[in-house]
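Undergrad: Let me give you the structure first, and then I'll get to my questions.
Derivation of every value follows stated rules applied to the coordinates shown; laboratory data play no part. A quick note: this is a predicted structure, and the numbers were derived from the prediction, not measured. Heads up, the Cβs are rebuilt from the backbone with ideal geometry, glycines too, and the neighbour counts pull from every protein chain shown.
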Amino acid sequence: MNDRYLRPAGADLFRVLAVGMVGAFHFWQQSWVSAPGLDFLMRSGGAWVDGMILLSAFCLYLPYAHAWAQKKAFPGCRGFWQRRAIRILPSYYFAVLASALVWAAGHRPDRDFWLDVGSHLLLIPTLVPQGYVYCRTNGALWTVGVLVLFYLLFPLLARAFYAWPLPVLAGLCAVQELYARCRVLPLQGVDYSMRFNQLPAFFGVIGLGFAAAQAVALLAPRQTKHREAFFALAALTGLGSALWVLRRIAYWQDGPHGQLVWRLPLALCFAVCLLGLCLGPQLPGARLWALFGGLSYNFYIWHQWLAVRIKYDLHIPPWQGDTPPNQLGDTGWMHTYLALVWAVGLTAAVLATYGLEKPAARWLRARLGTGRSRRAESCTTAV
């Protein structure tokens, strides 16, 4: 098997695109800067979190998909939870504690604050209103909480998908749609917000990530230059279709409800785009995408929190009064601020990745006496 299909550069590119669009959305919320005619991309940028979750499912299942395509027995999931914990928890807990200390330094901690911190420490922020809707620490960390719940179920889901791919895919999509339409969409306000991003609302997204990995494993051994051109077209078609869906989400009449209504179709578009990127022609700049992909986790967990602190706590670039300059139409300030928060977010990602995540991972592996699984290295994950 060609190594390029074991660790596809297309997955790194998709990850940079997904995390970058979420970052653009959060920065747009603070700066109000958007390109003419592309305002819908900023308004719907949060929906790319669905792409991040799909990519995590794709990358985690890809080694199993290759084994399935070669008609091997299920490889098992020994050490899976330990590898995931080593990968994500040091950066996550540091972000939780740092943001909690900053908030506590300027406010008197109360019951809601401790519920917020406790829910994050227990990795269940979306199950507690104070940790999600009324979060005072780091609002972006809810995604890690959802993914941890997915990781807990991964051995069961992977084994089931390995044995019955199509029925499990259909079941996961059905559960997501039933949950969305019967349990969530009838709600409004805080009740809706608390259920909108629970794990069942992503089951179909996860299933499509597994299915995309299975398709890559099945089609890669027979790949030719002629077929690569076809999959390049598929990547463009998937991306174009995703943009069509994102426009619908951006201007949906009921606001956040649009993302839930269109979540499964959008995930299908993302899956087609990801499949095309992985099976299409070899991408230029593969090392660059891998580099930025390796920074994306820490960029994601820090970018929004830092952007808000820079604007409201530090007043950088300088501004006076109670009304932020973007609300007064100060375009010079808006563009300067946007450039600054992108630079700060990327700098924080570099420092956290190479100063914390990687050294902590090496130390934990040495202490636990575990090496890095070759199967775990076959593809990066969204977080």
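Undergrad: Computed over the Cα atoms of region 208-263, what is the ratio Rg over Rh, Rh following Kirkwood? Intermediate values should be presented prior to the final figure.
TA: Details: Rg = 15.5 Å, Rh = 13.4 Å.
Rg/Rh: 1.16.
Undergrad: Right, here's the next one. So for H107, H66, fewest C-beta neighbours within 10 Å to most, what's the order? Don't skip to the end; give the middle numbers.
TA: Values: H107 10, H66 23.
In increasing order of surrounding Cβ atoms, one gets H107, H66.
Undergrad: Ratio of alpha-carbon Rg to the 2.2 N^0.38 Å globular estimate for region 55-184, to two decimals, please.
TA: Details: Rg = 18.2 Å, N = 130, 2.2 N^0.38 = 14.0 Å.
My calculation over the Cα atoms of region 55-184 gives 1.30.
Undergrad: If you don't mind, there's one more thing I want to ask. Given a 10 angstrom Cα cut-off, can you work out which residue in R83, R108, R287 is the most mobile in a GNM of the chain?
TA: Highest fluctuation among the options: R108.
Undergrad: May I ask you to sort C173, C77, C278 by Cβ crowding, counting other Cβ atoms within 10 Å and putting the fewest first?
TA: Values: C173 20, C77 16, C278 28.
Fewest to most other Cβ atoms nearby, the residues stand as C77, C173, C278.
Undergrad: Name the residue farthest towards the positive end of the dipole of region 3-378 from the options P129, N326, L346, assuming +1 on Cβ of Lys and Arg, -1 on Cβ of Asp and Glu, about the Cα centre.
TA: L346
Undergrad: Once you keep just the Cα pairs under 8 angstrom separated by 6 or more residues, what percentage relative contact order results for the chain? Could you put the intermediate results ahead of the total?
TA: Numbers: 495 pairs, mean separation 116.4, N = 383.
It comes to 30 percent, rounded to a whole number.
Undergrad: Pick out, in residue order, every one of the chymotrypsin sites (Phe, Trp or Tyr not before Pro) in region 77-130 that is DSSP loop and has at most 16 other C-beta atoms within 10 Å; say none if there are none. Could the numbers behind the result be given before it?
TA: On the way: sites: F80, W81, Y92, Y93, F94, W103, F113, W114; in loops: none.
Passing both the DSSP loop test and the Cβ count: no residue.
Undergrad: Show which aspartates and glutamates lie in cross-link reach of K311 when reach means a straight Cα distance below 17 angstrom and same-chain residues fewer than eight apart are skipped.
TA: Reachable aspartates and glutamates: D322, D330.
Undergrad: What percentage of all Cα-Cα pairs in region 252-345 are separated by more than 16 Å?
TA: Result: 72 percent of Cα pairs exceed 16 Å.
Undergrad: In deg cm²/dmol and to the nearest 500, what is the mean residue ellipticity at 222 nm of the chain if only DSSP H runs of at least 4 residues count, each as -39500 (n - 2.57), divided by the residue total?
TA: Numbers: 16 runs with 257 residues, N = 383.
Value at 222 nm, helices only: -22500 deg cm²/dmol.
Undergrad: Please compute the alpha carbon radius of gyration of region 135-187, then divide it by the globular-protein estimate 2.2 N^0.38 Å. Two decimals is fine. Write out the running numbers ahead of the final one.
TA: On the way: Rg = 14.5 Å, N = 53, 2.2 N^0.38 = 9.9 Å.
Its radius of gyration relative to the 2.2 N^0.38 Å reference: 1.46.
Undergrad: For region 227-383, taking Cα atoms only, what is the radius of gyration to one decimal and the Dmax to the nearest whole Å?
TA: In order Rg, Dmax, the Cα atoms of region 227-383 give 20.4, 60 Å.
Undergrad: Still on this model: Using the Kyte-Doolittle scale, which helices in the chain average at least -0.5 and also have C-alpha atoms spread 30 Å or more along the helix axis, with helices defined as whole DSSP H runs? Walk me through the numbers before you get to the answer.
TA: Values: long enough: 9-31 (32 Å, 0.72); 80-106 (40 Å, 0.75); 142-163 (31 Å, 1.75); 225-250 (37 Å, 0.65); 286-308 (32 Å, 0.58); 331-352 (31 Å, 1.34).
Qualifying helices, which must be both long enough and hydrophobic enough, are 9-31, 80-106, 142-163, 225-250, 286-308, 331-352.
Undergrad: So, one more: Take the alpha-carbon centre of region 337-356, take the same for region 233-262, and report the distance between them in whole Å.
TA: Cα centres, region 337-356 to region 233-262: 29 Å.
Undergrad: When the convex hull of the C-alpha atoms of region 37-88 is computed, what volume per residue in Å³ does it have?
TA: Values: hull volume 5.0 nm³, N = 52.
In region 37-88, the Cα hull volume divided by residue count equals 96 Å³.
Undergrad: Tell me the chymotrypsin sites (Phe, Trp or Tyr not before Pro) within region 145-249 that lie in a loop according to DSSP and have at most 15 other beta-carbon atoms within 10 Å.
TA: Values: sites: F150, Y151, F161, Y162, Y179, Y192, F196, F202, F203, F210, F230, F231, W244; in loops: none.
Taking region 145-249 and a limit of 15 other Cβ atoms within 10 Å, no loop chymotrypsin sites (Phe, Trp or Tyr not before Pro) are found.
Undergrad: Okay, next question. Roughly what percent of Cα-Cα pairs across the chain reach past 29 Å?
TA: On the way: 31322 of 73153 pairs.
For the chain, the fraction of Cα-Cα distances above 29 Å is 43 percent.
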